[in-house]
Amino acid sequence: MAELTRIPAPDGVAPAAAYSHVVIGTGRFVAISGQVALDEDGKLVGENDPAAQARQTFENLRRCLAAAGATFDDVIKLTYYVTDMAHIPAVRAARDACISPDHLPASTAVQVAGLVRPDFLMEIEAYAVVGE
């Protein structure tokens, strides 16, 4: 595992409630493309259901991380693209089921007009640092 340092509240910056402002690490950098709520057969999981889509998306992220020899403990940055900010609680619940509150990565949430398919409610990408 990489050595990661999380800084939730740098001097002069308001503390982060649900993420770390800064994550520092050494090791191999891993970039995971944005994942959506497709199962292994390419079928949508959770049509019109943000919680189900978030769970499937985090499962896909877990599988991608594993392919790189990483876990959610190695994640330094998550970017959430959602079609409605009302989906963020579902995203956070799925994240919290995978990532310990004392290992929160840096995060950005962006509301977008649409994703590659209109039935996708979110897309989530991840960056990780894995030990050598």
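The GNM of the chain, with springs linking C-alpha atoms under 10 angstrom apart, assigns the highest mean-square fluctuation among ILE24, ILE88, ILE32 to ILE24.
Placing +1 on the Cβ of every Lys and Arg and -1 on the Cβ of every Asp and Glu, with nothing else charged, gives the chain a dipole about its Cα centre of roughly 140 debye. Placing +1 on each Lys and Arg Cβ and -1 on each Asp and Glu Cβ, with no other charges, gives the range 11-89 a dipole about its Cα centre of roughly 240 debye. Taking every C-alpha pair closer than 8 Å and separated by at least 6 residues, the mean separation divided by the residue count of the range 1-45 gives a relative contact order of 33 percent. Once each part is reduced to its C-alpha centroid, what is the distance from the range 87-132 to the range 6-35 in angstrom? With the range 87-132 and the range 6-35 each reduced to a Cα centre, they are spaced 13 Å. Look at the alpha carbon pairs under 8 Å that are at least 6 residues apart: their mean separation over the length of the range 7-132 gives a relative contact order of 38 percent. Computed with every protein chain present, the accessible area of PHE29 is close to 130 Å² [probe 1.4 Å]. Result for the chain in a Gaussian network model with C-alpha springs under 10 Å: among LEU121, LEU44, LEU65, the largest mean-square fluctuation is at LEU44.
What is the angle, in °, between the Cα long axis of helix 50-67 and the longest principal axis of the Cα atoms in the chain? Nearest 10 is fine, range 0 to 90. Once rounded, the angle reads 50 degrees. Taking every DSSP bridge with both residues inside the chain, close to 75 percent are antiparallel. With all protein chains in place and a 1.4 Å probe, the accessible surface of the range 1-90 carries 53 percent carbon and sulfur. In the full protein context, the chain carries 52 Å² of accessible surface per residue, based on a 1.4 Å probe and ignoring ligands, DNA and RNA.
Extent along the principal axes, Cα only, for the chain: 40, 34, 22 Å, with the longest axis given first. Here the convex hull built on the C-alpha positions of the range 8-55 has a volume of 127 cubic angstrom per residue. Once both axes come from the Cα atoms, what is the angle between helix 88-98 and the longest principal axis of the chain, in degrees from 0 to 90, rounded to 10? That works out to roughly 60 degrees. Note that the range 34-95 carries a Kirkwood radius of 12.1 Å, evaluated over its alpha carbons pair by pair. Helix-derived [θ] at 222 nm for the chain: sum -39500 (n - 2.57) over DSSP H runs of at least 4, divide by residue count, nearest 500? So the calculated ellipticity at 222 nm is -7000 deg cm²/dmol.
The values are calculated or read from the model by the stated rules, or taken from the named source; none is laboratory data. This is a predicted model, so every value here is computed, not measured. We place every Cβ from the backbone using ideal geometry, glycine too, and count neighbours over all the protein chains shown. Areas reflect the complete protein model, heavy atoms only, side chains present, ligands, DNA and RNA absent. Shrake-Rupley method; radii C 1.70, N 1.55, O 1.52, S 1.80 Å.
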